[in-house]
1. If you check every pair at least six apart or on different chains, which have Cβ atoms under 8 Å apart with a residue in the stretch 12-25 that is in a loop (DSSP other than H, G, I, E, B) first and a residue that is of a type in the set (Val, Ile, Thr) second?
2. Scan the stretch 86-105 for residues that are part of a helix (DSSP H, G or I) and either free of Cβ contacts under 8 Å to residues at least 40 places away in the same chain or buried (at least 20 other Cβ atoms within 10 Å of the Cβ) (or both) and report the count.
3. Taking the stretch 220-254, which residues are in contact with a helix residue (DSSP H, G or I) (Cβ under 9 Å, 6 or more places away or on another chain), closer than 29 Å to residue 63 by Cβ and free of Cβ contacts under 8 Å to residues at least 60 places away in the same chain?
4. For the condition assigned to a helix (DSSP H, G or I) and either surrounded by fewer than 24 Cβ atoms within 10 Å (Cβ to Cβ) or touching a His at 6+ places or on another chain (Cβ under 6 Å) (or both), what is the one hit in 116, 108?
5. With the checklist (1) surrounded by fewer than 20 Cβ atoms within 10 Å (Cβ to Cβ); (2) closer than 24 Å to residue 103 by Cα; (3) β-branched (Val, Ile, Thr) in hand, flag the one item residue 175 doesn't pass.
6. Would you point out which residue out of 37, 48 is more than 25 Å from residue 116 (Cα to Cα) and modelled with pLDDT under 95?
7. Using beta carbons and a limit of 9 Å, which pairs, at least six apart or on different chains, have the first residue in the stretch 255-281 and of a type outside the set (Lys, Arg) and the second one at pLDDT below 95 and buried (at least 21 other Cβ atoms within 10 Å of the Cβ)?
Amino acid sequence: MFLQHCTETVRNTNAAVCQAAEYWPRNPFVTESPSIGGAGFDVAWNDGFRESVRAAIASASGGENAFVDLDWVAREIVNPGFRDGWRAVNCLESHDEIYRDREPRVARLADSSNSRSWYARSRSRVGAALVLTSPGMPMLFMGQEILEDKNWSDDPAHHPNTLIWWDGSSRGEQTMIDMHRCVRDLVGLRRSSEALRYGKTRVFHVDLPGRVIAFHRWVEGIGADVVVVASLRDRTHYDYRIGLPRAGAWRELFNTDVYDHWVNPRVAGNGGLIVTTCRSGQGFAQSAALVVPANAVLVLMRA
């Protein structure tokens with residue numbers, strides 16, 4: 001009752017304020033109207049997304065033959081239970097799990113032996129790209145955008161080595177500079193795409209042996225189709241066929257592999273453009289053969 005009165009008071013005072021609930025475990029009903037018993041919040045933190053993607057990244061670090069549960073990721077990408085996909089707050093890190101002596105940050109989760117290795121860098125980019133291309137409200141924890149690998153503390157005087165190294169970028173730490181550029185451009189991509197901000201979502205492809213997942217985002221009645229292809233495989237896929245919702249030319253709008261040693265001189269990709277053939281795939285009437293880089297995310301948009 002208190003929370004219902006609180007959210008209604010805030011809404012009546014300033015309807016533009018976004019009210020977010022940090023509620024565990026996930027309960028989408030807290031975003032429903034008080035008139036039907038909900039708490040009246042606009043959005044709520046979504047631990048299902050965080051746990052599934054973190055688990056996938058951790059499993060991928062187990063080697064080429066390790067099982068990566070992309071089925072779990074597929075279920076969580078569509079934010080089950082929420083009336084609208086955007087009402088879920090998705091993240092990979094927050095103040096809770098990466099507090100001192102708790103869970104590792106994504107860079108160390110991706111490679112516990114070396115948080116600056118290619119494995120750590122590439123898998124961290126996959127994680128960030130999934131947060132920023134999936135439905136829901138994306139949330140990045142402090143330092144995630146610069147590949148920070150240290151847990152944090154609200155008492156750094158008594159817990160050394162828990163402060164973010166903000167100066168790294170200005171001192172030429174290339175891994176931090178590259179990660180910041182990648183995240184910055186992902187934010188820009190999301191801001192420029194209606195489909196990524198509030199479009200509908202369908203996960204249409206999960207390849208467990210190949211460690212690839214693909215999902216379609218679009219705006220009902222408008223289109224603005226976007227297809228996201230993510231791989232947590234340590235080797236590049238060549239001639240990898242993916243179904244596409246519309247025939248014709250598609251732009252390779254984003255490729256996280258470009259950001260490794262920007263501009264990556266050995267980038268694997270599709271030259272910025274692909275064209276479908278009449279061969280069907282994954283429920284679509286047309287498809288295209290792609291190069292899917294190792295540990296990378298591609299974002300394709302109808303040209």
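1. These pairs meet every condition: 17/10; 18/43; 19/7; 19/10; 19/43; 23/30.
2. So the count comes out to 1.
3. Within the stretch 220-254, the subset in contact with a helix residue (DSSP H, G or I) (Cβ under 9 Å, 6 or more places away or on another chain) is 222-226, 228, 230-234, 236, 253-254.
From what is left, the residues that are closer than 29 Å to residue 63 by Cβ are 228, 230-234, 236, 254.
Result: 236, single match.
4. 108
5. Checking residue 175 against (1) surrounded by fewer than 20 Cβ atoms within 10 Å (Cβ to Cβ); (2) closer than 24 Å to residue 103 by Cα; (3) β-branched (Val, Ile, Thr), the one that fails is (1).
6. 37
7. Going by the 9 Å Cβ cut-off, there are no qualifying pairs.
The values are calculated or read from the model by the stated rules, or taken from the named source; none is laboratory data. Everything quoted here is computed from the prediction, not taken from an experiment. Note: ideal-geometry Cβ built from the backbone for every residue, glycine included; neighbour counts use all protein chains shown.
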